[in-house]
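The values are calculated or read from the model by the stated rules, or taken from the named source; none is laboratory data. Remember, predicted model here, so these are calculated numbers, not experimental data. Cβ sites come from the backbone with ideal geometry, for glycine too, and all protein chains shown count toward neighbours.
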Protein chains: 2
Amino acid sequence: MPRGVPKKVDRSLASLASLRRLPLYLDVCRQAEAEGLSIISGTVIAEQLGLEPIQVRKDLSLTGILGRPRIGYALRELIQRIEFFLRWDVSHSAILIGAGRLGQALLAYRDLRRYNFNILFAFDNDSQKIGMVIEGVKVYDIALMQEMLQKNPAEIAIITTPDYVALDVASVAYNAGVRKFWNFTPRRFRLPPGVLIYTESMLTGFSVLSVRDPTA
Amino acid sequence: MPRGVPKKVDRSLASLASLRRLPLYLDVCRQAEAEGLSIISGTVIAEQLGLEPIQVRKDLSLTGILGRPRIGYALRELIQRIEFFLRWDVSHSAILIGAGRLGQALLAYRDLRRYNFNILFAFDNDSQKIGMVIEGVKVYDIALMQEMLQKNPAEIAIITTPDYVALDVASVAYNAGVRKFWNFTPRRFRLPPGVLIYTESMLTGFSVLSVRDPTA
DNA sequence: TAGATTGTTAATCGATTAACAATC
DNA sequence: TAGATTGTTAATCGATTAACAATC
């Protein structure tokens with residue numbers, strides 16, 4: 001195939017499934033690089049993840065990278081292209097709503113930070129927590145959220161409140177301009193069109209674990 | 001279509017996608033029941049979740065339920081059939097490895113408890129935490145894990161440790177007979193065949209939130 | 001060179017959606 | 001009854017996998 005021809009990167013071409021696999025490839029690549037390698041083949045990536053090589057190649061082609069037959073992909077370039085494709089090369093600002101145990105666990109999640117996920121502020125309604133600094137992030141009174149968001153726009157709102165207030169706090173953030181929500185409560189909610197809500201439900205993991213047979 | 005004919009329930013027919021939607025239906029049904037309804041149609045469920053009615057009907061048929069044209073499904077029966085299909089009608093025993101903030105958040109996750117997810121013990125290597133009782137679950141020295149597991153078999157091991165010990169603690173649990181793992185660390189690991197590992201990675205959510213356009 | 005790996009085009013597979021008779 | 005909803009069969013859609021020429 002012709003080399004040196006830049007391919008167009010179209011993020012809308014990526015399926016949800018591909019989007020979920022790309023971080024896995026990135027992880028394998030980073031580890032390989034840490035081990036001193038400078039080149040990696042799709043076959044090797046596939047092997048480490050228990051996937052098919054063709055699937056890896058197809059996914060990687062989304063990033064526009066061109067590999068060398070018989071050799072593989074240049075590691076550094078591949079890492080950069082995956083990060084670029086996922087937009088992890090630029091900062092993503094976020095606020096955390098609900099500074100309980102789950103929220104605090106997220107504040108401490110190293111990999112998010114490493115990939116430019118920046119939590120600006122945390123909010124809570126518990127006077128015990130207000131004023132605390134957790135993992136370098138200060139906790140503010142939730143009553144100040146709308147005002148603070150208007151002064152400091154954030155791309156993403158993380159919702160780690162009790163579920164019965166999820167919609168309320170999300171609505172406030174929405175009114176202050178937030179259009180992406182990362183919902184960790186078991187309650188799903190809807191907002192006006194033009195909003196992206198990604199819900200992490202523990203129940204999906206539990207359903208897979210209870211139904212699937214490990215020996216199958 | 002013929003009514004009163006019992007349909008066979010085959011859990012292996014369910015795709016991962018269907019398995020993820022079933023808890024959503026269950027949630028809608030429980031809410032409807034709480035509101036005093038005794039019947040619900042696939043159309044209404046679909047509407048509340050923003051899905052297509054045909055998809056809901058197809059998924060629900062997995063549970064073997066038969067609805068009535070023009071009417072819908074009997075709520076109580078539907079709830080029971082979904083719970084049965086997901087095996088949430090029987091208890092699932094688990095141990096928690098790593099009683100940090102994330103682990104504690106899971107101990108407090110009400111919906112898991114409600115669906116018969118039973119965390120028997122927690123383990124940690126922090127002497128500060130050993131002996132504590134969190135949400136009714138006692139924290140033991142991780143050195144006791146293998147021994148305690150052999151006396152009290154658990155179906156699932158939840159891994160909420162730092163990532164660099166994930167494989168180690170999983171191996172111990174594996175040797176003590178655990179065959180299902182719920183991995184909350186960003187590190188993927190492999191165990192011998194015949195093991196089910198479900199990994200919750202925050203990076204998948206982040207990748208979707210950073211790439212997808214809310215207005216699209 | 002020989003042979004492994006890439007990228008593309010085509011085939012397969014599986015899941016979603018459409019169509020529609022049955023029926024409450 | 002008329003019309004909404006079910007369950008099934010068929011069609012469509014999209015993702016995965018296979019095949020294979022190009023090539024390092």
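Do the conditions hold for residue A:113, that is, is it under 20 Å from the mean Cα position of the chain (by Cα), at pLDDT 95 or above and either assigned to a helix (DSSP H, G or I) or within 16 Å of DNA strand C (Cβ to nearest atom) (or both)? The answer is yes for residue A:113.
Would you point out the residue of the range B:69-105, among those that are small (Gly, Ala, Ser) and not in a loop (DSSP other than H, G, I, E, B), that is farthest from residue B:40 (Cα to Cα)? Here the answer is B:103.
Within the range B:100-156, the residues that satisfy the criterion of being buried (at least 17 other Cβ atoms within 10 Å of the Cβ) and charged (D, E, K, R) are B:101, B:111, B:124, B:129, B:155.
I'm trying to understand the selection: among the residues of the range B:171-196, which are of a type in the set (A, V, I, L, M, F, W, C) and either outside the structural domain of residue B:151 (by TED's automatic domain parsing) or farther than 25 Å from residue A:113 by Cβ (or both)?
Filtering the range B:171-196 for residues of a type in the set (A, V, I, L, M, F, W, C) gives B:172-173, B:176, B:178, B:181-182, B:184, B:189, B:191, B:195-196.
B:172, B:173, B:176, B:178, B:181, B:191, B:195, B:196 - these are the residues of the range B:171-196 that are of a type in the set (A, V, I, L, M, F, W, C) and either outside the structural domain of residue B:151 (by TED's automatic domain parsing) or farther than 25 Å from residue A:113 by Cβ (or both).
Does residue B:79 count as touching a strand residue (DSSP E or B) at 6+ places or on another chain (Cβ under 6 Å) and either over 19 Å from residue A:212 (Cβ atoms) or surrounded by fewer than 19 Cβ atoms within 10 Å (Cβ to Cβ) (or both)? Answer is no for this residue.
Would you please name the residue that is modelled with the lowest pLDDT, looking only at residues in the range A:202-215 that are within 7 Å of chain B (Cβ to nearest Cβ) and assigned to a loop (DSSP other than H, G, I, E, B)? Out of the qualifying residues, it is A:215. Of the residues A:57, A:76, A:30, A:81, the single one that is over 19 Å from the mean Cα position of the chain (by Cα), in contact (Cβ under 8 Å) with a residue 12 or more places away in the chain and away from DNA strand D (no atom under 16 Å from the Cβ) is A:76. Within the bounds of the range A:135-148, is there any residue that is touching a residue at least 24 places away in the same chain (Cβ under 8 Å), touching a His at 6+ places or on another chain (Cβ under 7 Å) and among the hydrophobic types (A, V, I, L, M, F, W, C)? No, the range A:135-148 contains no residue that is touching a residue at least 24 places away in the same chain (Cβ under 8 Å), touching a His at 6+ places or on another chain (Cβ under 7 Å) and among the hydrophobic types (A, V, I, L, M, F, W, C). For the range B:46-85: of the residues being within 14 Å of another protein chain (Cβ to nearest Cβ) and near DNA strand C (Cβ under 9 Å from one of its atoms), which is modelled with the highest pLDDT? Checked the range B:46-85; the qualifying residue modelled with the highest pLDDT is B:59.
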